[in-house]
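The values are calculated or read from the model by the stated rules, or taken from the named source; none is laboratory data. Everything numeric in this text was worked out from a predicted model, so none of it was measured. Please note that ligands, DNA and RNA were not included when accessible areas were found on the heavy atoms of the full protein model with its side chains. Shrake-Rupley method; radii C 1.70, N 1.55, O 1.52, S 1.80 Å.
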Amino acid sequence: MKILIISTLILLMYRGAEKAACELAEALVRRDHAVVVVSLHPESNEVVEDRNGVRVYRLPLDNFYWPLPR
């Protein structure tokens, strides 16, 4: 099954919702699902990477109210 997980700050923080999203994505990959995670990051470019079998797209957030210090 193809699964998309959207998490605001995955890979930038590892607690609460972000930790749960990481663990869920990795558990689904272990069960042979194709998992993609979309997240935000403070830089101006898009980043695509694979982490433990999970494809991660980190997108820039062009917003004055970034949720973390820059």
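Points to keep in mind about this one:
- Share of carbon and sulfur in the accessible heavy-atom surface of the chain [1.4 Å probe, %]: 53
- Whole-number percent relative contact order across the chain, with pairs defined as alpha carbons under 8 Å at least 6 apart: 29
- Amide H contacts of LEU9: LEU40, each under 5 Å away and 5 or more positions distant or on a separate chain (H built 1.01 Å from N in the peptide plane; Pro and chain starts excluded).
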